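A short write-up of the structure that comes next.
Derivation of every value follows stated rules applied to the coordinates shown; laboratory data play no part. Note that this is a predicted model, so its numbers are computed, not measured. Virtual Cβ from ideal backbone geometry, glycine too; neighbours counted across all protein chains shown.
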Amino acid sequence: MSRQIFTFSLAFILIILFSVTAMTSCTRIDAGHEGILVKLYGTDKGVQDVSLVTGRVWYNPLTEDVFQFPTFVQTVDYAAFTVNAKDGSVFTVDPTISFRVIAGQSPRIFSKYRKAIEQITETTLYNYTRDAFRIQFNQYSTDSIISNRQSFEDKVQQALGESLRKEGFELEQMTSGLQYPEEIVRAVNLKNQAVQQAMQVENELKVAEAQAKKKIIEAEAEAKANQLRQQTLTPLLIQQQFIEKWDGKTALYGNSPVFFRNVQ
């Protein structure tokens, strides 16, 4: 009887183990991910050279494990850090990068680093980003960086892209968040203020010159008008104007319209 109970118990346990194994030996790789099959025991222990595509994956949970690596574009905003230009000026960089795992490269990445993508992003990719900026800054002077900022950032992005591509990542976009040294910012602000003040003075001078020219033109016009009036005011014309304006009551003396008579 005890032997039967033992046999029954063993069979029950095996059934449970089989059921648990059957339930946990299937997983689904989410869309935008690659599955990585890892051997836990045996001569083939380690990461297998195969990428599991999206879908349902069967594996032996007692001897194998499956990890998922995202292949969609990810964006990470790193903490700001400082770098030195060729002439010693200190710049602040606050970079943001967008990247993705190159299709089929997740097993190689996991085999090399044995870390999740989040850990690789915060360590390895961050170090590559810092190095890309540091190397390029060491090749440029302060004036060159400021005068050719776009060209400088393009070279940083190109260098970073090449480094990440060797590791199985594709750099999609990078922004530097570049901040100039404080003394450069102050100098630029002072220069802008001086330029604005010079423009204001120049505008005021132009206004004053315009007003002066206007007064000269008005004075010349007035003088010319007076001259014309003096030329046209002949005695005959004056007499005619007196007659036209005479009210018929004011006494006239002599043959011409004279309002006052000479007293002998």
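The figures follow:
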read-out: Calculated FRET efficiency for the pair D143/D30, C-beta based, R₀ 45 Å, to 0.05; value: 0.35
read-out: T175-T63 FRET efficiency (beta carbon distance; Förster radius 35 Å; 0.05 resolution); value: 0.15
read-out: For V207, net neighbour charge (Lys/Arg +1, Asp/Glu -1) across residues whose Cβ lies under 15 Å away; value: +1
read-out: Gyration tensor over alpha-carbon atoms, the stretch 102-187, equivalent ellipsoid semi-axes in Å; value: 31, 13, 10
